[in-house]
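Structure first, commentary second.
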Amino acid sequence: MYLERIQQALQDERLDGWLFYDFRQSNPLAYRVLALSTDDLYTRRWFYFVPAQGIPTALISAVEKHLLRSLPGSRLLFRTWREMQLHLQTMLPPGTRIAMEYSPMNAIPYMSRVDAGTVELVRSLGVEVVSSANIAQRFVAQLSSEQLESHREAGRRLIAAKDILFAQLGDDLYNQITLSEYQVQQRFLDLVQQAGLVMKDLPLVAVNANSGNPHYEPTSQKHSPIQRGDLVLFDFWAHLPQHGAVFADYTWMAFAGTRDEIPTHQREVFEIVRRARDTGITYVRERLAEGMRVEGRQVDDVVRTLIEDAGYGDCFIHRTGHSITQVDHGDGANLDNFETQDTRVLLPNTCCSVEPGIYLPAFGIRSEVNMLLLERDVEVTGVPVQEEITALLT
C-alpha cells in the first residue's frame with residue numbers, strides 16, 4: 001500500500017487520519033487505495049486507521065483474524081460489538097478530524113461508501129468525520145506518465161478509425177448502399193479492433209431522433225436505417241490492451257449528405273455545443289495557469305450557463321463530463337453540478353471527458369473530447385477536435 005503517500009496526503013489536507021471501513025466489500029475504494037485483494041472472503045466488519053503520522057492500526061473480527069495481513073501496523077481483534085467500539089475509542093481520540101468514504105448530503109454518491117450508522121458511531125466518539133473524496137483521487141484517479149501516454153495513443157487510434165469509417169460511409173452513400181445503425185455499429189467495432197484497441201462495449205450510433213436519447217444503443221433487433229439527409233451521432237471509447245491502460249472516449253456528429261445540405265438548425269445547435277465545450281476547457285486552462293484550484297462543479301456551471309443563455313438549458317440533461325481512468329467512468333472528479341454536486345478538485349495527471357449536449361425531439365447534438373489535467377495547463381485529446389458537423393459527402 002501507499003503508506004507514505006497516504007500520510008503525506010493527510011498532512012496536505014490537515015487531517016489527523018483516514019479511517020477505512022468495510023463490510024462485505026461494500027467499500028471498493030478502500031480496497032483500491034489499500035491495494036487489497038478482493039479474492040478473500042470478507043464476512044465481518046473491519047477498520048483500518050492510518051494516522052497522519054505514526055503507525056496504522058487494523059481492527060478485525062476474531063473470526064477473520066487472517067485478513068489485512070498485507071497491511072503495515074498493529075492489529076486489534078474484537079469478538080463482540082462492545083469490544084469493537086472500545087477498540088475504536090482507543091484508535092480515535094476525541095477531537096481528531098478524520099477522513100472516511102462519506103459524502104455530506106450524499107452530494108457525491110460515488111464516494112458515499114460508508115453507511116450512515118457507521119458514521120454516527122465514529123462521530124459518537126467525539127471525532128469529526130469529513131469526506132475522503134479529494135484525497136482518494138490521488139490513489140484512484142491520478143495517472144502515471146505511462147498511463148497518460150496510453151490514453152493519448154488510444155485517442156490517436158480511435159480518431160483514425162473514425163476517419164476510416166466516415167470515408168467508407170461517404171463511399172456507401174455515394175453508391176446508394178443500404179446502411180443501418182446496427183450495421184455501422186458493427187463495422188465501427190471491427191475497425192477499432194483492427195486498430196489494436198480493446199472496446200468492451202459497443203459504440204453508440206444514433207440517427208435523427210435516436211440521437212436525442214443520450215444513451216440510445218442500436219441492436220440487431222432494434223435499429224433504424226441511415227439514409228441521405230440524416231444526422232448521425234457516434235459515441236466511441238476504447239483502450240490499449242496493456243495492463244493499466246487508460247480509456248479514450250469521444251463523440252462526433254456526422255451528416256449523411258453534403259455540407260451545404262446540413263439544415264441550419266442543426267448547424268446552429270452544434271455551434272452552441274461547440275462553444276460550450278471550448279468555453280469549459282478555456283476556463284480550466286486559465287484558472288490552472290493562475291495556480292488556482294478548479295472544482296468539477298465549477299466547470300459544469302460555466303458550460304451549462306452558456307447553453308442556458310442560448311435558450312437550451314432544459315435540453316442539456318446530463319453532466320458536462322466524467323472522470324476517465326482504466327475504466328471509462330472513473331472515480332475521479334466529474335464535471336458535474338447538475339446530476340451531483342461534485343466539489344472535488346481537478347488534480348494534475350487526471351483525465352476527464354468534456355461533452356456538453358443538446359437533445360431535441362427531432363435530433364440531438366453532443367461533442368465530446370477528453371482533457372488531461374496537467375500542473376498548470378490542460379491537454380485536449382481526440383484531435384483535431386470537431387469544429388462543425390462532418391459532411392460524409394463532398
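The values are calculated or read from the model by the stated rules, or taken from the named source; none is laboratory data. Computed from a predicted structure; not experimentally measured. Virtual Cβ from ideal backbone geometry, glycine too; neighbours counted across all protein chains shown.
Pull up the range 115-165, narrow it to residues that are more than 18 Å from the chain's Cα centre (by Cα) and polar (S, T, N, Q), then point me to the one that is nearest to Ala30 (Cα to Cα). Once the filter is applied, the top-ranked residue is Ser131. Residues that are farther than 18 Å from Gln137 by Cα and buried (at least 20 other Cβ atoms within 10 Å of the Cβ) within the range 17-41 comprise just one, Asp22. With respect to Leu173, is the statement that it is over 30 Å from Cys315 (Cβ atoms), part of a helix (DSSP H, G or I) and modelled with pLDDT of 95 or more true? Judged against the criteria, Leu173 is not a match. Among the residues of the range 339-393, the ones that are closer than 30 Å to Gln168 by Cβ, within 17 Å of the chain's Cα centre (by Cα) and of a type in the set (Val, Ile, Thr) come to 4 in all. Between Ala245, Ala276, the distinction of being crowded, with 20+ Cβ neighbours inside 10 Å and in a loop (DSSP other than H, G, I, E, B) belongs to Ala245 only.
Taken over the range 165-192, the criterion of being touching a residue at least 12 places away in the same chain (Cβ under 8 Å), closer than 20 Å to Pro225 by Cα and β-branched (Val, Ile, Thr) is satisfied by Thr178, Val184. Just need a number here: residues in the range 83-98 that are touching a helix residue (DSSP H, G or I) at 6+ places or on another chain (Cβ under 8 Å), buried (at least 17 other Cβ atoms within 10 Å of the Cβ) and in a helix (DSSP H, G or I). Looking only at that region, the number is 1. Among the residues making up the range 203-226, none is assigned to a loop (DSSP other than H, G, I, E, B), in contact with a Ser or Thr (Cβ under 9 Å, 6 or more places away or on another chain) and either among the acidic types (Asp, Glu) or surrounded by fewer than 17 Cβ atoms within 10 Å (Cβ to Cβ) (or both). Residues in the range 353-386 that are basic (Lys, Arg) and either outside any loop (DSSP other than H, G, I, E, B) or buried (at least 24 other Cβ atoms within 10 Å of the Cβ) (or both): 1 in all.
Candidates in the range 286-316 are the residues that are surrounded by fewer than 14 Cβ atoms within 10 Å (Cβ to Cβ) and outside any helix (DSSP H, G or I); of these, the one that is farthest from the chain's Cα centre (by Cα) is Gly311. Annotation: Ala62 fulfils all but one of (1) in contact with a Leu (Cβ under 6 Å, 6 or more places away or on another chain); (2) buried (at least 22 other Cβ atoms within 10 Å of the Cβ); the unmet one is (2). Summed over the range 356-384, the residues that are out of contact with any strand residue (DSSP E or B) (no Cβ under 9 Å at 6 or more places or on another chain) and under 24 Å from Leu346 (Cα atoms) give a count of 5. Take the conditions (1) of a type in the set (A, V, I, L, M); (2) crowded, with 18+ Cβ neighbours inside 10 Å; (3) over 23 Å from Arg157 (Cβ atoms); Leu233 misses just one of them, which is (3).
The set of residues in the range 54-67 that are closer than 27 Å to Glu4 by Cβ and modelled with pLDDT of 95 or more comprises Gly54, Ile55, Pro56, Thr57, Ala58, Leu59, Ile60. Filtering the range 331-352 to residues that are in a strand (DSSP E or B) and farther than 30 Å from Ala254 by Cα leaves only Val345.
Of all residues in the range 37-53, those satisfying the criterion of being at pLDDT 95 or above and over 22 Å from Glu83 (Cα atoms) are Ala52, Gln53. For beta carbons closer than 8 Å, sequence separation of 6+ or different chains, a first residue in the range 117-142 that is closer than 13 Å to Phe20 by Cα and without any contact (Cβ under 8 Å) to a residue 24 or more places away in the chain and a second that is buried (at least 18 other Cβ atoms within 10 Å of the Cβ) and aliphatic (A, V, I, L, M), the qualifying pairs are Val119/Met100; Val119/Val129. Residue-level check: of (1) in contact with a Lys or Arg (Cβ under 9 Å, 6 or more places away or on another chain); (2) assigned to a helix (DSSP H, G or I); (3) under 21 Å from Thr343 (Cβ atoms), Val119 misses just (1).
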